1. Could you pull the accessible area for A:Asp113 with a 1.4 Å probe, rounded to 10 Å²?
2. In bins 10 Å wide, starting from 0, what share of all Cα pairs of the stretch A:4-297 does each bin hold, as a percent?
3. Using a 10 Å cut-off on Cβ to Cβ distances, tally the other chain neighbours for every residue of B:268-279 and report the average as a whole number.
4. So for the stretch B:195-298, what are the equivalent ellipsoid semi-axes in whole Å, largest first, each being the square root of 5 times an eigenvalue of the Cα gyration tensor?
5. How many nm is it between the label spots at A:Leu204 and A:Ala223, if each spot is 7 Å from the Cα in line with the beta carbon?
6. Report the closest approach of any chain B C-beta to the axis of the B-to-A rotation: residue and distance, in whole angstrom.
7. Rounded to the nearest 500, what is the 222 nm mean residue ellipticity of the protein assembly as shown from helices alone, with -39500 (n - 2.57) per DSSP H run of 4+ residues and division by all residues?
8. What do you get for trypsin sites (Lys or Arg not before Pro) in the stretch B:129-184 restricted to DSSP loop and a cutoff of at most 16 other Cβ within 10 Å of the site's Cβ?
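The values are calculated or read from the model by the stated rules, or taken from the named source; none is laboratory data. Note that the structure is predicted; figures quoted are calculated from it, not measured. Virtual Cβ from ideal backbone geometry, glycine too; neighbours counted across all protein chains shown. When the accessible area is computed, the model is the full protein with side chains, heavy atoms only, and any ligands, DNA or RNA have been set aside. Shrake-Rupley method; radii C 1.70, N 1.55, O 1.52, S 1.80 Å.
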2 protein chains.
Amino acid sequence: MHSKEEIAERFKVLQDYICKHLELADGTGKFHEDLWTRAAGGGGRTRTIAGQQIEKGGVAFSAVHGPLPAAILKSMQLEPADFFATGVSIVLHPHSPMAPIIHMNVRYFETSDGRWWFGGGIDLTPHYVVEEDARYFHEALKSVCDDFHPDFYQKFKDQADDYFFIRHRQETRGVGGIFYDYLDEKSGLSHTQLFDFALALGQLFPHLYAEMLQRSQSRTWGAPEKQWQMLRRGRYVEFNLVWDRGTKFGLETDGRTESILMSMPPGANWVYNFQPAPDSAESKTLTRLQKGIDWLNA
Amino acid sequence: MHSKEEIAERFKVLQDYICKHLELADGTGKFHEDLWTRAAGGGGRTRTIAGQQIEKGGVAFSAVHGPLPAAILKSMQLEPADFFATGVSIVLHPHSPMAPIIHMNVRYFETSDGRWWFGGGIDLTPHYVVEEDARYFHEALKSVCDDFHPDFYQKFKDQADDYFFIRHRQETRGVGGIFYDYLDEKSGLSHTQLFDFALALGQLFPHLYAEMLQRSQSRTWGAPEKQWQMLRRGRYVEFNLVWDRGTKFGLETDGRTESILMSMPPGANWVYNFQPAPDSAESKTLTRLQKGIDWLNA
């Protein structure tokens, strides 16, 4: 079993790896780094990029510790203890409406009374759903999951459908992906294996997004597609601020706001009661923002 | 004591009055109306405008009824009963960064077991704080409050400072205004007087905003002011989606999403860790987004 310090160090290396490969994928953008410390213990390094393909992106590492916040004690029914939490979080918003928004998070949590668990996920939010891209994305995730446990992909895919759901719109955020939380030895995997699973997802991530950017390059777009992208970014904002547990928890427990809201798009629009034209590409996308789609065979 | 039907009818007339005067103030914009019904009982008429001064605005009336939602029963520790709720809600986003965003809500609530109360408020969110405008705005609110109760203005002004506070930014949403809730006969005023107070605020509203628009017309602006407006609109989105109890409650209890999110700006931007230049107008505005400012004597 790796120590929490080893896990944090390895997550830092993962952040470096991801940033390096995202810079290569973008072509011109370079990450800028902000180091910060947390009054109650720990800190992080938040890296942001603005490039030729990635309009606004962030890759954040943090490792924080201290007494468990009252809100966690209550929501998880834990006894007072100290906690340690470390992870890497990413959201990337592309310039092109034909490329998807992507999100990844891998995290590790342990308490001074001996509990520990892993959590994380990757999900894809195309402004326009492209079935072949969604299939490629899910196949890649399934391949990593299958290396660790035969049940992981389907279970975590279903959890992503439930988690990345904009309830007040009755839409999924995008084509889903995988989501898992509170993963410990009850999963059948050891601490080391679960950590390796998190690292494998993290190492896949930049290559997966490079492929998505590559596929989008030949797709032309103009003002109507940009306007649709701005509306879909509005939905992304709605999900993150209203439903995302991590965002809400961070903002309500006085986390570092700029790192938490790194996930916000560069811009977003709202139009009252916007309805795309029947049979348009926009309408077709809306019909695919539903839970339970088998993207591997769609 | 007016019946709930009378109150709803009078709020409809108030909506008409406000829309008429806002059209006059804008000069070209006309309201469009959406009628909707609620499966569990009641409905509303949502009116939206896009004009030459008001870029995106909504003036919504609703009157809904049915069993009290479980979330209200729990949060207010009530016994199961039927409720009736009616009100008028407004948010207006101007084109000009030199004009403020404004919000108003007046509402009435009663339950089948005999409880009733009024709630509401008006608050102003300038992109650039102009002290004289804030003073004018607060003086107008105080004048209406003073007609009803000598304590109302200061009490409701303090409550607005607390309510319209973006906790994760440690900023107020703007220069505040007034906010009140659960107002019943314990206030010292009768049901009829409290209803008259709500109507007086509603009748003041369009004239107050007409004055704000008028004052902004001579103020020139360009791309830097527009960019600042887009960032401030991002804060407005953050407040409404993260902290506004009405918005959260509506979205979590399956209210009509398009009417609830009528408050969203037409567009908003986010820039990681944006810091305005020292001594700029933007920096100066930030120093005024604090609780407890006596705008009457600022």
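1. 90
2. 6, 29, 37, 22, 6, 1
3. Average neighbour count from other chains, rounded to a whole number: 5.
4. 27, 22, 15
5. Calculated label separation equals 4.1 nm.
6. Here the value is B:Leu241, 2.
7. My calculation for the protein assembly as shown gives -13000 deg cm²/dmol from helical runs alone.
8. none
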